[in-house]
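Remarks on the structure that follows.
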Amino acid sequence: MSEAQANIGVIGMAVMGSNLARNLASREGNTVAIFNRSAEKTRAVTAEFPDAGFVASETIEEFAASLQKPRTAIIMVQAGRATDAVITQLTEVFEPGDIIVDGGNALFTDTIRREAAVRATGINFVGAGISGGEEGALLGPSIMPGGSAEAWETLGPILKSIAAVVDGEPCVTHVGTDGAGHFVKMIHNGIEYADMQLIAEAYDLIRRGTGKTPAEIADIFAEWNTGDLESYLIEITAEVLKQIDPQTGAPLVDVILDQAGSKGTGVWTVQTALDLGIPVSGIAEAVFARSLSSKPAQRAAASVLPGPDGDFVVADADAFVEDVRLALYASKVIAYSQGFDAIVAGAEQYGWDIKKGEIAKIWRGGCIIRARFLNRITEAYAENPALVALVTAPFFVDVMTSTQAAWRRVVVAAAEAGIPSPAFSSSLAYYDGLRAERLPAALVQGQRDFFGAHTYKRVDQDGTFHTLWSGDRSEIQAVDSH
Ligand code: 6PG
């Protein structure tokens with residue numbers, strides 16, 4: 001048996017796991033134990049990265065023995081059954097006080113369940129969201145750990161050593177207990193979905209409205225990336241649009257099948273938000289847009305459906321591109337605002353003390369949704385921790401003031417041209433719903449009371465009421481709500 005020489009272990013040597021292990025090994029003071037279900041993979045990684053000084057094990061017992069106490073191991077395997085299997089293995093060889101970290105994209109309710117089960121054995125369990133893809137795992141991800149304060153004491157310094165750093169601050173914080181970390185990572189992914197869909201809509205509108213080539217639009221995105229919209233997703237969009245397919249010489253984006261896949265975190269975000277009663281319409285439209293794209297039979301059948309007459313060509317291309325930029329900015333603010341609403345609701349529902357400003361801070365670097373304006377979100381929550389909707393913070397009111405007219409023009413143009421812009425338009429509808437002095441929800445309440453005696457409240461009196469709708473004359477009853 002190898003002697004206990006590693007201070008941290010990683011299980012799962014697929015690319016995310018091996019990159020995270022290499023990241024850990026590159027930091028001063030870390031010796032990293034590694035283990036994979038198939039020993040072949042472990043041997044391959046050890047041979048490929050000899051400088052990492054990995055302590056490789058071929059059995060879970062050896063792996064546990066190679067770790068100093070309290071033992072800390074990060075699981076980087078597929079979410080779901082594979083994760084459960086590794087947790088079971090680890091709980092058999094670990095001791096009370098040791099720490100198991102799940103660094104995969106687990107569903108937060110699974111993490112709550114696992115945390116409770118593992119805690120019962122005296123072992124700590126931490127669900128940690130890790131964002132930044134393969135490169136982030138290697139060079140510095142954004143990390144969203146949940147779990148106990150006790151586990152964070154040991155784990156904090158290790159995670160801080162490998163996280164991305166922005167303005168001297170590592171992009172990791174103890175998000176909250178049990179599933180809080182994975183919950184916040186799930187919302188991160190939901191925002192990621194919305195942001196990607198919004199960018200895709202912006203590209204589509206510009207391409208179809210101005211006739212610009214993908215390469216020309218790449219330049220526009222590169223330019224946008226020097227301003228308010230500066231973000232990782234805008235940056236990589238320029239790269240993707242620039243890419244030429246070596247086989248055909250065509251822009252790669254024209255060769256890629258237009259059916260977007262997903263691994264499920266966006267769906268989870270929307271399902272969770274529905275349960276919490278939080279309108280995350282931008283995120284939901286992004287998820288639905290991927291679903292629609294992946295229905296080739298329906299899309300083919302729908303070719304018989306009429307669209308608007310004539311071609312869509314904007315009169316002033318530069319002005320239109322600027323309008324699209326502003327519409328993207330406004331819609332993006334809404335996506336974040338809705339995401340933070342979901343975080344607030346989740347924290348309340350599950351009893352987590354989540355610091356919204358800290359979340360925005362750790363999303364500034366390493367993660368997929370890193371963006372310049374996250375600093376503004378941190379500032380907004382620092383100024384007013386009780387902010388009821390992010391979009392109502394003074395900075396974002398100014399953003400909306402300078403973007404909303406252009407946003408409307410873009411949504412109108414898209415509707416008239418028959419170009420789908422579900423995320424742009426649903427975000428605008430949400431925005432207008434939020435600021436409406438009076439909503440037609442009053443009529444919905446009337447309808448509910450009519451057919452189901454569901455009752456309603458009045459604007460001018462306290463209490464609960466029901467109208468006797470039958471006959472010519474309506475009669476109103478006060479209903480005892482107890
Ligand atoms: C990240 C990403 C990462 C991954 C997701 C989304 O934060 O690094 O969100 O977790 O890309 O699985 O993938 P899908 O688009 O396939 O759902």
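The values are calculated or read from the model by the stated rules, or taken from the named source; none is laboratory data. From a predicted model like this one, the values you see are computed outputs, not experimental measurements. We place every Cβ from the backbone using ideal geometry, glycine too, and count neighbours over all the protein chains shown. Ligands, DNA and RNA are excluded from the accessible area calculation, which covers all protein heavy atoms including side chains. Shrake-Rupley method; radii C 1.70, N 1.55, O 1.52, S 1.80 Å.
Assorted remarks:
- Selection within segment 261-281: residues that are near the ligand (Cβ under 8 Å from one of its atoms) and open to solvent by less than 60 Å² (accessible area, probe 1.4 Å). The member of this set that is farthest from K185 (Cα to Cα) is G261.
- Taking the listed residues D195, D110, D204, the one that is open to solvent by 10 Å² or more (accessible area, probe 1.4 Å), within 16 Å of the ligand (Cβ to nearest atom) and at pLDDT 95 or above is D110, with no other qualifying.
- Residue match in segment 86-107 (condition: more than 16 Å from the ligand (Cβ to nearest atom), free of Cβ contacts under 8 Å to residues at least 12 places away in the same chain and over 27 Å from G190 (Cα atoms)): yes
- Residues of segment 275-331 satisfying the condition of being of a type in the set (K, R) and over 29 Å from G433 (Cα atoms): K295, R299
- Residue list for segment 133-147, restricted to those being outside any strand (DSSP E or B) and within 10 Å of the ligand (Cβ to nearest atom): G133, E134, E135, G136, A137, P141
- Options V397, V412, V388; residue that is part of a loop (DSSP other than H, G, I, E, B) and surrounded by fewer than 19 Cβ atoms within 10 Å (Cβ to Cβ): V388
- Pairs where the first residue, in segment 49-65, is more than 12 Å from A33 (Cβ to Cβ) and the second is crowded, with 20+ Cβ neighbours inside 10 Å, C-beta under 6 Å, 6+ apart: F49/R22
- Exactly one residue among G156, G190 is surrounded by fewer than 19 Cβ atoms within 10 Å (Cβ to Cβ) and either over 20 Å from the mean Cα position of the chain (by Cα) or small (G, A, S) (or both), and that residue is G156.
- Screening A300 against (1) more than 26 Å from T237 (Cβ to Cβ); (2) assigned to a loop (DSSP other than H, G, I, E, B) leaves a single unmet condition, (2).
- In the condition set (1) surrounded by 13 or more Cβ atoms within 10 Å (Cβ to Cβ); (2) out of contact with any His (no Cβ under 8 Å at 6 or more places or on another chain), Y456 is compliant with all but (2).
- When segment 3-34 is filtered for residues that are more than 24 Å from the chain's Cα centre (by Cα), surrounded by 23 or more Cβ atoms within 10 Å (Cβ to Cβ) and part of a loop (DSSP other than H, G, I, E, B), only M13 remains.
- Close pairs (8 angstrom Cβ cut-off, 6 or more residues apart or separate chains): at positive phi and in a loop (DSSP other than H, G, I, E, B) in segment 253-282, of a type outside the set (S, T, N, Q) and at pLDDT 95 or above anywhere: G277/A345
Condition check ((1) hydrophobic (A, V, I, L, M, F, W, C); (2) closer than 21 Å to N23 by Cβ) across all residues:
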| position | (1), (2) |
| --- | --- |
| N124 | no, no |
| S131 | no, yes |
| M144 | yes, yes |
| P157 | no, yes |
| A202 | yes, no |
| I217 | yes, no |
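- Odd one out for R119, checked against (1) buried (at least 19 other Cβ atoms within 10 Å of the Cβ); (2) touching a Phe, Trp or Tyr at 6+ places or on another chain (Cβ under 8 Å); (3) not aromatic (F, W, Y): (1)
- Failed item, numbered, when V175 is tested on (1) more than 16 Å from the ligand (Cβ to nearest atom); (2) within 20 Å of R364 (Cβ to Cβ); (3) crowded, with 23+ Cβ neighbours inside 10 Å: (1)
- Looking across segment 204-226, the residues that are out of contact with any strand residue (DSSP E or B) (no Cβ under 7 Å at 6 or more places or on another chain), at negative phi and touching a residue at least 40 places away in the same chain (Cβ under 8 Å) come down to D204, L205, I206, R208, G209, T210, K212, I220, W224.
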